[in-house]
Structure formats: C-alpha cells, structure tokens
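A quick write-up on the structure given underneath.
A short reminder: the numbers here are calculations on the coordinates, not readings from a lab. The structure presented is a predicted model; accordingly, all values stated were derived computationally and were not measured. Don't worry about glycine lacking a Cβ; one is built from the backbone with ideal geometry, like all the others, and counts go over all protein chains shown.
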Amino acid sequence: MLLCRVHMCSKTGLSESKSWEFIKYCFFGLFFVSAMALSLVTAGCAPNSQVNTTTANTGTANTQPAPANANVAQSQPAAPAANDNTPITLPVLDAMFADESFAGDLKSKAGLTDEQVSKLQQTARDAVLQLDESDENASTKISTEKANEEIKKIVGDEAKTKQVIDLARQRWAGTGDESMLSGRPNAVPTDTRIVVNAPAYRMDIFRDGKLEKSYKVGIGYPEFPLPRGMRQAKTIIFNPAWTPPDEPWVKGKFAPGKKVEAGSKDNPLGPIKIPIGLPSLIHGGKNPAKLGTFASHGCVGLTNQGVEDFAQQIAQLGGSSLTLDDIKNYQKDKSKTQEMKLNDPVPVELRYETIVVDDGKIHVYRDVYELGTNTEENLQKVLSAYDVNLDQLDPNVKQQLMDALQTMAVDAKGNPVDENDKKDSASDKKSKSGKITTTIKGKREIVIDVPQLAGKGYPAPVNLMG
C-alpha cells in the first residue's frame, strides 16, 4: 500500500477562491500508504497543475432537491467556528503554506518576522519529506506535540506558538457556514447536507432531514487527520491526473514530475475528485480493503465505483444533473480533466464523534485521533441529549459502557490515550516520527444495548455502499 501526494487544485479551472487554487493535494494511493501532503499533503491529495483542464457544461437544474442550505435547524445552538483541540501537525502546517496568504497572516496577525516564517515553512516541509512508508503505528498526539515543540523553537514563546496554531486551526476549521453546526451530540440534520463521521468511517447523504444513502469510507492517517467543521462541495472534477512529487517515498516507484493519467492503476485519485475546501477532497481510487480504516492524508476515500455513485448523488443535491452515462462519457478521454460546477453548493459536515446512539444501542468507536472523547463526561452528555442519566441505567449496562470507554480510549496502536502524556513525549518517540500510521490494532467499535434509548439517536446506515 502506498500513499500518493497529489497536486490538486492549481490550474484545474476550479471555481474556488484564490487560496484554494494554491492548495495542492489529495491523498492516498490505491495501493499506497506514503507521504504526500497536499502541502498537507505534501502528504495528500491534490490536482495537478500540468494537466490540460477544460470546463464541462454545468448540469441542468433539478427541481426536486431543496436548495442545499435550506431548512437549517433553528432550535439547536451553533457550535464554535473552530475546535480548540483540532490537531495541527507539521504536515498540516505544510498544507497551510500552500496558500501564500498564510505566510502573510503569520506576519500581520502573529507578528512573526520574515526569518521566522521562512524557518517555520522549511521545518514543516522537511517533516513531510522525511516521511516514508511503514506499517509502524505512530500517533496524532505525538505528531501534534512535535509540531508544538518545533514551532516554539522558532517563534520563541508560548503565546506566539498558540497564535500560529490558532491561525492554522481557523483556516482548517472549514469553508462553510459554521452556524449550521449543532451543539447537540449525534445531531440529525433537518436540512440537505453530507455528514462524515471520521471515527465511524461513515459518510451519509441527507435530503430535507431524511437519510437517503450511506457510504463506508477511508479517512486520513493520524499524522494527517481529517478536519472537523462545515465545508462546501461546489465542483465535481473528472479525470484528475496526478504528478508524483520529487520526494523520498516516490523514488523507485514513479518518475517525479511525470504525469500519471486518470485511468492508471497508480493514480491515487481515481476517476473523480470533489474538493471540499483546503486541503481536503472526497475522491475515488481506494481499494475496498482501505475502507473502514486509514487511507489518506486528510481526504475522504471511496472506491472508484463508490465515487461514481456519490458524484451522481451530490450533483442532484446541488441542483444539477449527472448520470452514469455522463460519467462514462467524461472517461472516454482520460487525458482531459474536466469539471462540472454545481448549481448550488452542497454543505459537507465533518464530524468526530466516538459515542453514537442508534435505536437502543450505543456505538463506542476508537479514538483514533486521540482527542480524548471517550470519557464518562462525554458519555453523560450524549445520554443527556436523549433524557437518559448514566446512573439510572442497569448496573451491568453501565459497567459495559464504562469498560467500552476504556477499551476504545486508545490510539491506532492500542496505547491508552491518556498514557501518551505520561509515557512517551514527542522527543522520546522521535525515531518513529518519520513513519506513517497505516493500520489499526485491535477493536474499532464496541456496541452496547441500552433499552432506554430505543427509537432514539442517529439513524442506522441506509443503502450502505462500501
């Protein structure tokens, strides 16, 4: 399995903002697990700047789907625009520098000097260049701590370090309307949107509050965690080409700078990619074995068949028309990258929920990004959302839940999340900082029956495609 760094947005004719045009990346290879990051990816997924891109005709309006931003629930409190604990690793920081305006923000808003910005950019780039393929398991927390240490060395104090990280978090928080986020756990949308819950490896399509279809997906490696927040899908890109970067993980596999066509088995993007804001994509190219596990440098991964199906669904949600025959027509000339602009942007919500209620059951997912979500306090918040108190549960059920929280409060390698702070600092594990985490050891989910939750919770998958 290899990873692919894909240069994704420059000169592909995307109708995104200028900053998106600088973002280059999209993640993963069909058989890869290596280190590209769209500048996040020099570890990630990005369209190529050397491809011949043309713009396809916009799909015709569809009168059935409601406008993508309609019917937003008004009764639920808005979540904060950015998450205070969103992990910022050096490869993520590298992705931020793909947009030239980020360096300007560091100077004007954080007060960094030209020399500090230059050192910061080089340090982030070097971190990506040192990554290689491995089945070794690393850690989101260790990668985050390492980033904090390196940033502090350069900028000199805690306050400026926090400013740099906050600026990166703000940019990564989302490119959509954050007021559409709900403060309620397991919130069921009442509008039309896409919902991705990373720990569940699941993506859902909601239309007017009704779940219509679910997909099993691959998510970003711990070193390149999938972000959280509201995004927007505005464009579907067909036949995205990929140019291998001149980086260590490429050598011996591809010729750096030589374009890999969309139809090649070595193209990690597959036949279709859908940008959802810096620096993430939803795209194909995934081996079925990579669904339900780590598969990218910050993108949502589908099989080729899955992304073709999803493209048709999201086109309809966006008030446009796209059929399988249309997709096949686009694929007739794989050397020509084409895009279809949606009539209406489609909201895409990226979540990180490890405790999910589902009709009489509680699903406790592995805390793969080590955000400390599998706690008794968080469990009680979820239960309270359904008017259930933890202490009122049958003692055996309560004990099962507490055991599940402890079992699932571990990283990809199986190390308890809390113990990472006690055992291994970022410097202690420096020898492993150059490894990509590609596998998950142990259980990924525990399901507990809770009779008091019958008929409540987030809906079970519908027409699941994996």
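I need the trypsin sites (Lys or Arg not before Pro) found in the range 265-360, filtered to DSSP loop residues with at most 14 other beta carbons within 10 Å of theirs.
Details: sites: Lys265, Lys273, Lys286, Lys290, Lys328, Lys332, Lys334, Lys336, Lys341, Arg351; in loops: Lys265, Lys286, Lys332, Lys334.
Sparse-neighbourhood loop trypsin sites (Lys or Arg not before Pro): Lys265, Lys332.
With θ taken as phi - 60° and the coefficients 6.51, -1.76 and 1.60, list the Karplus ³J(HN,Hα) couplings across the range 341-347 in order, rounded to whole Hz; mark glycine and proline as x.
Per residue, the Karplus-derived 3J(HN,Hα) values read 7, 6, 5, 10, x, 9, x Hz.
For the range 92-116 and the range 440-455, compute the distance between their C-alpha centroids and round to whole Å.
Centre-to-centre distance over Cα atoms comes out at 43 Å.
Taking H placed 1.01 Å from N in the peptide plane, check which residues at least 5 places from Val410 or on another chain put their amide H under 5 Å from its amide H.
When sequence neighbours closer than 5 places are left aside, the close amide H contacts are Asp367, Val417.
If you plug each phi of the range 89-94 into the Karplus form 6.51 cos²θ - 1.76 cosθ + 1.60 with θ = phi - 60°, what whole-Hz ³J(HN,Hα) values come out, in order, with x for Gly and Pro?
Result, ordered by residue: 9, 4, x, 5, 4, 4 Hz.
Quick one: if the Förster radius is 45 Å, what FRET efficiency do Gln399 and Ser321 give, using the C-beta to C-beta distance and rounding to 0.05?
Values: r = 53 Å, r/R0 = 1.19.
Efficiency, rounded to the nearest 0.05: 0.25.
Starting from the Cα-Cα distance between Asp208 and Arg444, subtract it from 0.36 nm times their residue separation and give me the gain in nm to one decimal.
Working: separation 236, 0.36 × 236 = 84.96 nm, distance 3.09 nm.
Additional length available on full extension: 81.9 nm.
For the pair Lys153/Glu178, report the inter-label distance in nm, with labels modelled 7 Å from Cα in the Cβ direction.
3.1 nm
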